[in-house]
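Participant: Just passing along the structure, written as structure tokens.
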Amino acid sequence: MRLAVAVLLAALPAITVAAEPAAAPGFARLQLGAYTVVALSDGTFTMPAAQLLIEDRPGIVKTLLGRAGYGNTVPGAVNAFLIDTGDKRVLIDAGGGALLGSGLGQVPAQLRAAGYAPEQIDEIWLTHLHPDHVGGLVHDGQAVYPKAIVRTEDRELAFWLDKTANQPKVDDSVKGAFDGAAASLAPYRASGRVQTFKPGATLLPGMRAVDLAGHTAGHTAYRVTSRGQTLLVWGDTVHVGAVQFADPKVTIHFDSTPAQAEAARARIFAEAAKNGEWIAAAHIAFPGLGHVRRDGDAYAWQPLAP
Ligand SMILES: [Zn+2]
């Protein structure tokens with residue numbers, strides 16, 4: 001419908017349309033074997049991609065942005081994902097809450113719109129502790145999810161809870177993440193509801209952690225399999241799809257260890273393209289669900305058909 005309206009407007013530029021555009025849906029379901037996956041939009045922001053990306057070849061970022069029709073900025077998306085196994089409801093990442101301005105923080109509302117109350121969330125698995133993934137754990141200092149256990153990889157928690165030792169090591173763009181992580185986890189830690197796991201751990205039957213350290217100290221994807229179908233929830237493997245599928249060597253200032261992040265991306269792109277598994281991506285346009293396929297020497301993103 002939106003496409004039809006756009007085509008109509010293009011054909012008849014002199015006509016003024018007074019009708020309000022319909023609000024875009026902020027949740028989307030995918031059936032994965034016996035499990036229901038719900039993509040939840042936390043909102044969008046303008047990402048200064050040309051400024052944040054670190055290119056491996058001079059000019060490649062502007063070339064690839066231009067090829068996709070962008071200038072120096074791209075529309076940035078933040079998505080979280082609910083896995084409903086029937087027995088357990090696992091939320092993967094929590095969105096930005098109030099940490100990153102009013103454009104984000106919509107995960108709890110989208111969860112309700114999809115038919116779930118925050119009280120029904122049993123576990124929250126964090127891909128990492130950057131603000132756009134943890135801020136939504138709290139509202140005014142209170143836990144948004146009163147019954148959930150929060151799980152994160154042990155190196156990740158240790159890194160962000162030691163601000164004194166580690167803040168000097170990170171890029172200016174993420175120095176604020178230490179306070180954000182501590183504040184977002186505080187009510188859960190106070191009630192003994194934060195648990196850590198080792199890289200590669202199995203967290204529930206058919207659901208295991210995949211070590212993608214590099215973007216952060218314990219950056220983790222989660223691979224979920226039900227009845228032979230697999231979904232990889234890959235966190236921040238990609239920040240700017242228009243650039244990083246075509247050139248996976250492009251990194252971003254947010255990466256703690258860019259060379260390690262690049263290696264992790266190369267590894268997981270190759271695996272995902274080979275397996276043909278579903279991908280759930282935090283920063284690809286909502287719903288952030290699709291597949292990675294090989295495209296010559298590089299890769300391409302094939303989004304879930306609308
Ligand atoms: Zn992120």
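Rule-based calculations on the coordinates, nothing more; no lab input. Since this is a predicted model, take the numbers as computed values, not measurements. Here Cβ is always computed from backbone atoms with ideal geometry, including for glycine, and neighbour counts include all displayed protein chains.
Participant: Rg and Dmax of segment 235-285, using alpha carbons, in Å: what are they?
Facilitator: Looking at segment 235-285, its Cα Rg and Dmax stand at 10.5, 30 Å.
Participant: Considering the dipole of segment 5-303 built from charges on the beta carbon (Lys and Arg +1, Asp and Glu -1) around the Cα centre, which of Val107, Ser41, Ile279 is farthest to its positive end?
Facilitator: My answer, from the dipole projection, is Ile279.
Participant: Got a sec? Charge dipole of the chain, +1 on Cβ for Lys and Arg, -1 for Asp and Glu; which of Gly66, Ala186, Leu203 is way out at the positive end?
Facilitator: Final value for the positive-end residue is Leu203.
Participant: Let me ask you something else. Given a cut-off of 31 Å, name the pairs among Lys163/Lys274; Lys147/Lys198; Lys198/Lys274; Lys169/Lys274; Lys88/Lys163; Lys88/Lys175 whose C-alpha atoms lie farther apart than that in the structure shown.
Facilitator: As for pairs spanning more than 31 Å Cα to Cα, those are Lys163/Lys274; Lys169/Lys274; Lys88/Lys163; Lys88/Lys175.
Participant: So if we plug the beta-carbon distance of Lys175 and Arg227 into 1/(1 + (r/R0)^6) with R0 = 51 Å, what FRET efficiency do we get, rounded to 0.05?
Facilitator: Step by step, r from the Cβ atoms, then E = 0.70.
Participant: Moving to a separate point now. If the elastic network links every pair of Cα atoms under 10 Å, which of Ala109, Ala209, Ala77 fluctuates the most in the Gaussian network model of the chain?
Facilitator: Ala109
Participant: Quick one: grab the alpha carbon gyration tensor of segment 47-206, order the square roots of its eigenvalues as a ≥ b ≥ c, and give me rounded if a/c is under 1.5, else prolate or oblate depending on whether a/b is larger than b/c.
Facilitator: Verdict is prolate for segment 47-206.
Participant: Here is a follow-up. Which order do Asp84, Asp162, Asp154 fall in if you start with the one that has the fewest other Cβ atoms within 10 Å?
Facilitator: The most exposed by this proxy come first: Asp162, Asp154, Asp84.
Participant: What's the FRET efficiency of Asp295 with Arg189 using the Cβ-Cβ distance as r and R₀ = 30 Å, to the nearest 0.05?
Facilitator: Rounded to the nearest 0.05, the efficiency is 0.10.
Participant: Now, a different point. So what's the net charge close to Leu212: Lys and Arg +1, Asp and Glu -1, counting the other residues with Cβ under 9 Å from its Cβ?
Facilitator: The answer is 0.
Participant: Which whole-number percent of Cα pairs in the chain have a distance greater than 34 Å?
Facilitator: Percentage above 34 Å: 19.
Participant: Looking at the chain, what % of its DSSP beta bridges pair antiparallel, to the nearest 5?
Facilitator: Percent antiparallel among DSSP bridges in the chain is about 80.
Participant: If you find the alpha carbon centre of segment 216-291 and of segment 60-123, how far apart are they in angstrom?
Facilitator: A separation of 15 Å, based on Cα centres.
Participant: Another one. Once fully extended, how much extra length lies between Gln167 and Arg29, figured as 0.36 nm per residue of separation less the alpha-carbon to alpha-carbon distance?
Facilitator: Contour length minus Cα-Cα distance gives 45.8 nm.
Participant: Among Gly69, Gly290, Gly214, which one shows the biggest mean-square fluctuation in a GNM of the chain, springs joining Cα atoms closer than 10 Å?
Facilitator: Taking springs between Cα atoms under 10 Å, the residue moving most is Gly69.
Participant: Another question, then. Amide H neighbours of Gly218 under 5 Å, counting only residues 5+ apart in sequence or on other chains, H built in-plane at 1.01 Å?
Facilitator: Here the answer is Glu156, since their amide H atoms fall under 5 Å of that of Gly218.
Participant: Under unit Cβ charges (Lys, Arg +1; Asp, Glu -1), what dipole magnitude, rounded to 20 debye, does segment 5-303 have relative to its Cα centre?
Facilitator: It comes to approximately 460 debye.
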